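The values are calculated or read from the model by the stated rules, or taken from the named source; none is laboratory data. Not measured: the values here are computed from a predicted model. Every residue, glycine as well, gets a Cβ built from its backbone with ideal geometry; the counts of neighbours run over all protein chains shown. Remember, those area values only see protein heavy atoms, side chains included, never the ligands or the DNA or RNA. Shrake-Rupley method; radii C 1.70, N 1.55, O 1.52, S 1.80 Å.
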Amino acid sequence: MANTTGPFPSSQSTTPFWRTQLDPIDEHRTTASLPGTCHVLIIGAGLSGASTAYHLVKDAKSSPASVVVLDARQVCSGATGRNGGHVKLAWPMITSLAKEHGVEKAAEVAQFHISQIYAMKEAIEKEKIDCDFALRRSYDVYLSKTEPEYANVLLDHQLMADVAVSKHVEFMDTKYAEQLTRTKDPKAALSVPACSLWPYKLGANLLSIAIKKGVNLQTNTCVTSVPATRSALGYYTVETSRGVIKARKVLFASNGYTAGILPEYRDKIVPWRGINSRIVVGECQIPPNLSNTYNLHNSPGTDDYINPRPDGSIIVGGAKTAYWHDKEQYYNNADDSTLIESAKQYFDGYMQRYFHDYTDTGAYTDMVWTGIMGRTPDSLPHIGAIPGRPDQFIMAGFNGAGMLHIFLSGRGMAKMLLDDIPFEETGIPSIFKTTQKRLNDTRKVKGYF
Ligand SMILES: Cc1cc2nc3c(=O)[nH]c(=O)nc-3n(C[C@H](O)[C@H](O)[C@H](O)COP(=O)(O)OP(=O)(O)OC[C@H]3O[C@@H](n4cnc5c(N)ncnc54)[C@H](O)[C@@H]3O)c2cc1C
């Protein structure tokens, strides 16, 4: 749909690898018609909506508060079904946060990243969720020929050197980086804790558990407006493509599309299109086994991410250098029904170009798709009570690293929604809080140029 009235999720979309094995709840509607009222209305059935719904009801012994989840399309058909499938301590992000917000705030976020990995592992094991979860380490590999870049990485790291969480980070200089990372001609690398998983299966399973505990899911139901004021009885009348639903509390888990229904967040959460691929190895051989996931940095801000999967295929995304000159292709672009023309060939021969063990494998691009992120000017998500809208909450704007932040943010959001716990007691990093000050910030989301 056009951006003058949106952004809204497009009616068609490219097919990502993660949506090639659909869950029975993919187009689920718990009841044939939309419920008339509910206590909590969650807009968006991606990982944010799924984690919040799961945490709202997971420990409920008796009938939980009535919770309805709406999605304009199918379950996890937004960024959650289209991403790289790996979750890692994002050290370059942490060091840049340290420069802007101080070491203490950056360390809080870094600790949240580590906790996220283990909290997801624990829940996946407890709930027996089959989503190819694997604990791993991830390499950030610096390939740039320009020495200053790596020197800067080391310099940035010094900022965090005395903080306990930095013990999780290991540096490699040129001497061993090539042998250890298996990449061609790296200048240096660092490794961090990580995990990889099948994001669609995680989200769909969390929602499935929530449905069994009483949550009402309504897919293919687009929210078209949410008023800022409520009735005398305390209900917001929310309009959807299938009629109205009245809700006492509303959560916007609508990520890149949030501005379409929450105008205060226009320019604060901007839809941003990314491109991703699946590479497979030609038949007649056992694929090489890379046990780590990767970010390959060719020059500042243009890294690709690589997630070698247990089935021998590799998810490779990024490709920014192929399209960053063409702002319309990604900036304020919410259309995941088409590919980014200038980038769709980028992945051909990728593994052969960068990894020793793939030189003679005949690896080729099997699938390419696009997905919509929600970018914010300060690169931080917006989570918490929405200023000026009592009992309306937001959990959106996760930029390119939502899985790193969402699972435990969903737990915190459930506490806010259920028990009126203040944001500060939820365990979510303080700089993620949505505030009037952040909404007043006049900075724009920067393009690659
Ligand atoms: C190409 C790509 C690669 C990525 N790689 C990684 C990665 O490797 N690791 C990582 O941690 N993160 C990655 N991310 C980011 C991550 O995928 C997202 O941050 C995360 O999935 C966001 O989850 P969400 O539930 O908030 O949003 P989404 O998954 O986008 O879900 C939002 C949902 O809201 C629904 N919705 C929106 N508006 C409405 C409306 N008006 N009415 C009803 N429903 C509505 C949408 O249909 C959608 O299903 C990547 C993202 C992309 C696009």
| message | Conditions first: (1) more than 13 Å from the ligand (Cβ to nearest atom); (2) out of contact with any helix residue (DSSP H, G or I) (no Cβ under 9 Å at 6 or more places or on another chain); (3) under 28 Å from residue 432 (Cα atoms); (4) of a type outside the set (A, V, I, L, M, F, W, C). Residue 231 passes all but one, so which condition is the exception? | response | (3)
| task | Please list, ordered by first then second residue, the pairs with beta carbon atoms under 6 Å, 6 or more apart or interchain, first in the range 190-202 and in contact (Cβ under 8 Å) with a residue 24 or more places away in the chain, second open to solvent by less than 10 Å² (accessible area, probe 1.4 Å) and polar (S, T, N, Q). | result | 192/138; 194/138; 194/293; 196/293; 196/307
| message | Looking at the range 188-211, can you tell me whether even one residue there is on the phi < 0 side of the Ramachandran plot, open to solvent by 10 Å² or more (accessible area, probe 1.4 Å) and assigned to a loop (DSSP other than H, G, I, E, B)? | response | no
| field | Yes/no for residue 150 being under 16 Å from residue 294 (Cα atoms) and either out of contact with any Phe, Trp or Tyr (no Cβ under 8 Å at 6 or more places or on another chain) or surrounded by 12 or more Cβ atoms within 10 Å (Cβ to Cβ) (or both) | value | no
| Of the residues that sit in the range 74-132 and are assigned to a loop (DSSP other than H, G, I, E, B) and more than 15 Å from the ligand (Cβ to nearest atom), which one is most open to solvent (accessible area, probe 1.4 Å)? | 128
| message | Against the definition (closer than 29 Å to residue 234 by Cα, more than 9 Å from the ligand (Cβ to nearest atom) and out of contact with any helix residue (DSSP H, G or I) (no Cβ under 6 Å at 6 or more places or on another chain)), how does residue 66 come out, yes or no? | response | yes
| query | So which pairs qualify, if the first residue must be in the range 121-143 and farther than 15 Å from residue 203 by Cα, the second must be open to solvent by 80 Å² or more (accessible area, probe 1.4 Å), the Cβ gap must be under 9 Å, and the two must be at least 6 apart or on different chains? | reply | 134/310; 135/118; 137/170; 139/180
| Subset of the range 357-390 (residues that are free of Cβ contacts under 8 Å to residues at least 60 places away in the same chain and within 16 Å of the ligand (Cβ to nearest atom)) | 380, 381, 383, 384
| message | Please determine whether any residue of the range 48-62 is crowded, with 24+ Cβ neighbours inside 10 Å, part of a loop (DSSP other than H, G, I, E, B) and near the ligand (Cβ under 9 Å from one of its atoms). | response | no
| said: Residues that are open to solvent by less than 20 Å² (accessible area, probe 1.4 Å) and modelled with pLDDT of 95 or more: list the helices (runs of 4 or more DSSP H) wholly contained in the range 343-449 that include at least 2 such residues. | reply: 350-354, 406-419
| request: Specify the residue that is most open to solvent (accessible area, probe 1.4 Å); the eligible residues are those in the range 234-255 that are more than 10 Å from the ligand (Cβ to nearest atom) and at positive phi. | output: 243
| field | Inter-residue pairs, beta-carbon under 7 Å, first under 21 Å from residue 444 (Cβ atoms) and open to solvent by 20 Å² or more (accessible area, probe 1.4 Å) and in the range 256-282, second more than 7 Å from the ligand (Cβ to nearest atom) and of a type in the set (S, T, N, Q), 6+ apart | value | 268/376
| Quick one: would you say residue 162 is open to solvent by 60 Å² or more (accessible area, probe 1.4 Å), at pLDDT below 95, part of a loop (DSSP other than H, G, I, E, B) and away from the ligand (no atom under 16 Å from the Cβ)? | yes
| query | Among 35, 24, which is the only one that is open to solvent by 60 Å² or more (accessible area, probe 1.4 Å) and more than 9 Å from the ligand (Cβ to nearest atom)? | reply | 24
